[in-house]
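Here the structure comes first, spelled out in structure tokens, and everything after it is commentary.
The values are calculated or read from the model by the stated rules, or taken from the named source; none is laboratory data. Not measured: the values here are computed from a predicted model. Neighbour counts run over all protein chains shown; Cβ positions are idealised from the backbone, glycine included.
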Amino acid sequence: MEQSMSLDKKKPVILIVDDEITSLAILKGILSSEYELRFAIQGSQALDMALNNRLDLILLDITMPEMDGYELIKQLKSSAVTRDIPVIFITARDGTDDEHEGLSLGAVDYITKPVNASITRARVATALTQSLYRISLANAMRRTTAQRLVLSTGTDRLKRELLGESVEALSMLHRAAMMKDNETSLHIARTSQYVEMLALEIGLGKRIAGLVMLAAPMHDIGKIGIPDSILLKSSDLSDEEWPIMRGHVMLGAQIIGEHPENELYKFAMDIVLTHHERWDGYGYPHGLKGQDIPLVGRIMALADVFDALTSTRPYKPAWPLEAAVREIKNNRSFCFDPVLVTKFLKKVGDGSVEKIMNQFKDDI
């Protein structure tokens, strides 16, 4: 039995699990007008309901008798039937360690009591939207994979149609990520342009450069699985939060999946997995070094960092072009492929980089 969002129902179905009747009543008042609600006061009861009913989301209290929320989510994630149901913890605990443990076990978000009605509605809506896009993407990828043998032998027209399906699947993911991340669509446009520019400059050719440009927007797709409390934080992340944030790379790889016959997905996977690796081997997640890092990952890393430097973010103003270029130069052979830096500096010199910056300038 495969869990998926109840697309055929007028209202998504949410299971609320809490042993406090007052808490159930409060959440019912907040959510009942928009969602079909189910209730459980024990972990074992909730597990049985999840295994035997289609649920779109679970709101789960941590502190309960017999089976607490941590144990329940472990059992939910261990079953193929229930592991894809998104879980939001709702609890009176507000310690960082409690939040970290819940998120590390697979919760998509964490809301503290007493709950705020508008925050609760917003986070529930976000979690459901993300789940819907993941389901849509998975369906699109299955269709494309089923057609891969035809793709290898089919006509040029059919190949173009199948490529179009691949692009649309990635576009759905991009739209889902945009609902979470604080980076703008113009960031995506600029980095994609920088990537294509570099790919052409090093001689990859128009077709490959075009595919890499199409794959580039997926570089941070794993952030769809990072809680808002970490992803949108305006101050420095704590030592406990950094591993969760860095986990977006592996989450992104899981979302894209293995599709070795599909060139576009292959580039997307390489970009997702390796755009935080460093030329000197001190990047993540695998500490790859030098040319062991796929070329598209090296290109993406340079484009992404340059745009981050020259863009306004919640935690910093935009750097002037000269300062950003100096930072890129200083990190040649440390963070970045030295050959790519040389090629990039050439495009700075001929005005190509500034042209892209001006064409896709953020509205401040």
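Figures for the structure shown
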item	result
Subset of the range 328-343 that is under 27 Å from the mean Cα position of the chain (by Cα) and part of a helix (DSSP H, G or I) - its residue that is farthest from P294 (Cα to Cα)	I328
Selected residue (only one of G247, G210, G281 is at pLDDT 90 or above, surrounded by fewer than 21 Cβ atoms within 10 Å (Cβ to Cβ) and small (G, A, S))	G281
Residue match in the range 41-60 (condition: more than 30 Å from the chain's Cα centre (by Cα) and hydrophobic (A, V, I, L, M, F, W, C))	yes
Residues within the range 67-90 that are part of a loop (DSSP other than H, G, I, E, B) and touching an Asp or Glu at 6+ places or on another chain (Cβ under 9 Å), tallied	6
Residue among D292, D270 that is in contact with a Gly (Cβ under 9 Å, 6 or more places away or on another chain) and under 16 Å from S192 (Cα atoms)	D270
Odd one out for A308 among (1) in a loop (DSSP other than H, G, I, E, B); (2) out of contact with any helix residue (DSSP H, G or I) (no Cβ under 6 Å at 6 or more places or on another chain); (3) over 19 Å from A199 (Cα atoms)	(1)
Matching residues in the range 232-244 - criterion: being surrounded by 16 or more Cβ atoms within 10 Å (Cβ to Cβ) and of a type outside the set (V, I, T)	K233, E241
